[in-house]
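The values are calculated or read from the model by the stated rules, or taken from the named source; none is laboratory data. In this text, all values refer to a predicted model and were calculated from it rather than measured experimentally. Cβ placement follows ideal geometry from the backbone for every residue including glycine, while neighbour counts extend to all protein chains displayed. Note: areas computed on protein heavy atoms with side chains; ligands, DNA, RNA excluded. Shrake-Rupley method; radii C 1.70, N 1.55, O 1.52, S 1.80 Å.
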Amino acid sequence: MKNAVIGNNKQKANLIVLGAVPRLLYLLQQESSSTELKTECAVVLGSLAMGTENNVKSLLDCHIIPALLQGLLSPDLKFIEACLRCLRTVFTSPVTPEELLYTDATVIPHLMALLSRSRYTQEYICQIFSHCCKGPDHQTILFNHGAVQNIAHLLTSLSYKVRMQALKCFSVLAFENPQVSMTLVNVLVDGELLPQIFVKMLQRDKPIEMQLTSAKCLTYMCRAGAIRTDDNCIVLKTLPCLVRMCSKERLLEERVEGAETLAYLIEPDVELQRIASITDHLIAMLADYFKYPSSVSAITDIKRLDHDLKHAHELRQAAFKLYASLGANDEDIRKKIIETENMMDRIVTGLSESSVKVRLAAVRCLHSLSRSVQQLRTSFQDHAVWKPLMKVLQNAPDEILVVASSMLCNLLLEFSPSKEPILESGAVELLCGLTQSENPALRVNGIWALMNMAFQAEQKIKADILRSLSTEQLFRLLSDSDLNVLMKTLGLLRNLLSTRPHIDKIMSTHGKQIMQAVTLILEGEHNIEVKEQTLCILANIADGTTAKELIMTNDDILQKIKYYMGHSHVKLQLAAMFCISNLIWNEEEGSQERQDKLRDMGIVDILHKLSQSPDSNLCDKAKTALQQYLA
């Protein structure tokens, strides 16, 4: 059987159909079977698992994993190795659930104990761990069972395969895990610290797979806060190694992995972004990522074309991710990226690709570049980026919507020339729709974009926003549990209520509800920033011609303004002062009656007190207000 199935998928499938698997598993578990027989059974099962994904499914259905794990309790090393080899093959298949390794709590400690038996047990067990360690729960289990101590010394093994699998283990253990990363920094192997061993494995004379994986280990430790971003092992070793992986000489898979890891390394650090952008012409080198599959004439064999096609979208996705990281903070880098051959066209094309991953990476890249005032005014306008962006926003998955709507916020800033056409293409309804999303990030972006849209806008746009959003929705957002949503909604109200004719118009139709909302917020348990924004909205209302009366006839609100003038926080005192100044300003009709009413309330006494304030700003404002009474 063994000789029949090796390298022959058809034979493997035949044997499985004929029911060989339950029989082999029966013999493997029989007390009376000799060790040689059990070992042969494990080898044949391992060979069957090497076939198609359907083969692996058939094996899983016959409960192969518990049977093989049971086999690991045998005293015979050859049999243990055969079981581990088969387990390795089954666990590395995408159809096998990782959880099966963790269902029985005795398995992990037993595997740790088997690590010392032979180089094969070391290779297979490390390979099983690195494939089955998905997410923080698995990392914690392995860490608590001594994975770091047990695997560290394997990095100096004589066997390349063992060293490689141990290295892969460390990369999955350290990923986004501060606890593991902080431990790794201080681990000694033969008198050398782990980071130094990783750096040695980065050198150019080492196999590419080893260079890449050790660069990942150092990247993950750096992102988890265990190594500083300005440490030489990052700046002089890890970063240049990853840039090398992006070059034309590397295989497509290596270029994808190199670019994605580099994007992750430099994402939060502007200094690393600057260094990477001037290393080996990286920005130009990435432009090559868009040239696959190469022109058909150059490809003679169909296998190569297939390979290129498969990796083409991965390459584009990786390039977009790295451009997004490179351009996250620095204006000059953004300019360089945009000036790279046909870059804007490529990103715009990326927005309508069939692959969700490529679309997401393209939107992220554009979002990163849209943080630049200069680019919003030039390249973004020349390429009418807003058109494909509005299309993306129609029916995309949430993760794309969050980034695309963030970018829309930038395109709606008052200096952006795209603002007009976006408004004409139905953005108001779209954004009002986002504010009703279950996802708080989408609610924030929807309301933020509306806030930018309302800034210094004409009356018609403001009326459109209020009509589409509806006052019910506006007040729902004012009681949203997410602080960002509340702050941006107040920002929107403040922008809607600016310039006198607009203030009077909006307050004449929605005055009652807006005053109610303001009262509720000033009475609620909110932080200083929220209350400050709310008082600024009141100050805007107080600036209206007819809108003033809504405050003057509302004793409750007047008492609140008085209370905040005497508050312990200067920001709130200043905001309350603005309200008072707008109400008592002399040149305006009815100012005398308003001044008298406020004097009777004791406002003038408070102004005298504030004119002695140690805060110069507050003191000046109070003096200016008192002059209105004297004039």
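Details
- The order of the peptides 394-402, 546-554 by mean Cβ neighbours within 10 Å, most packed first, is 546-554, 394-402.
- Relative contact order %, the chain, counting alpha carbon pairs below 8 Å whose residues are six or more apart: 5
- Using a probe of 1.4 angstrom and keeping all protein chains present, the accessible surface of the chain works out to 45 square angstrom per residue.
- Of interest is the spacing of the C-alpha centroids, which for the stretch 165-198 and the stretch 414-435 amounts to 49 Å.
- Shown here: the stretch 509-630, whose C-alpha atoms stretch 36, 34, 20 Å along the first, second and third principal axes, sorted largest to smallest.
- Computed FRET value (nearest 0.05) for D280 with D555, which takes r as the C-beta separation and R₀ as 51 Å: 0.10
- Distance between the pseudo-spin-label points of E414 and K291 (7 Å out from Cα toward the beta carbon): 4.7 nm.
- Most positive-pole-ward Cα, Y323, Q149, N439, against dipole of the chain from beta carbon charges: Q149
- Furthest towards positive pole of dipole, A362, L486, L262, structure part the chain, Cβ charges: L262
- The stretch 509-630: relative contact order as a whole-number percent, Cα under 8 Å and 6+ apart: 21
- Across the options F578, T509, G544, the greatest Cα extent toward the positive end of the charge dipole of the stretch 509-630 (unit charges at beta carbon of Lys, Arg, Asp, Glu) belongs to F578.
- With Cα atoms as the point set, the stretch 238-288 shows a radius of gyration and Dmax of 10.0, 29 Å.
- Net length gained if the chain between D230 and R377 were fully extended (0.36 nm per residue, minus Cα distance): 49.5 nm
- Gained length - E424 relative to Y563, 0.36 nm times residue gap less alpha-carbon distance: 45.6 nm
- FRET efficiency, N14 to Q436 (Cβ-Cβ, R0 51 Å, nearest 0.05): 0.35
- From helices alone, the chain scores -21000 deg cm²/dmol at 222 nm; the rule is -39500 (n - 2.57) for each run of n ≥ 4 DSSP H residues, then divide by the residue total.
- The stretch 371-391-the stretch 113-128 distance, computed between alpha-carbon centres (Å): 55
- Rounded FRET efficiency, nearest 0.05, which uses the C-beta distance separating C619 from S591 and R0 of 30 Å: 0.85
- Charges were assigned to the Cβ only: +1 to each Lys and Arg, -1 to each Asp and Glu. The resulting dipole of the stretch 256-340 about its Cα centre is roughly 300 debye.
- Cβ crowding within 10 Å averaged over residues, with 28-40, 175-187 ranked highest first: 175-187, 28-40
- Its Cα centre serving as origin, the chain has a Cβ charge dipole (Lys and Arg +1, Asp and Glu -1) of approximately 1400 debye.
- Spacing of the modelled spin labels on N484 and H608, each 7 Å from Cα toward Cβ, amounts to 4.9 nm.
- Label of the coordinate-derived value, P(r) over Cα pairs in 20 Å bins from 0, in percent, listed as [x] 16, 34, 25, 18, 6, 0; [y] 20, 51, 26, 3, 0; [z] 16, 34, 30, 16, 5, 0: [z]
- Taking only protein heavy atoms and a 1.4 Å probe, the accessible area of the chain is 52% carbon and sulfur.
- Peptides 615-623, 41-49 ranked from most to least packed, by the mean per-residue count of other Cβ atoms within 10 Å: 41-49, 615-623.
- Model label zone, N527; criterion: amide N under 16 Å from point 7 Å along Cα-to-beta-carbon; scope the stretch 470-487: 480-487
- Whether the stretch 1-76 is rounded, prolate or oblate, judged on the alpha carbon gyration tensor where a/c under 1.5 counts as rounded: prolate
- Length added when fully stretched, V570-S352, from 0.36 nm per residue minus Cα-Cα: 73.4 nm
- Given in Å, the Rg to one decimal and the Dmax to the nearest whole number for the Cα atoms of the stretch 513-585 are 11.0, 32.
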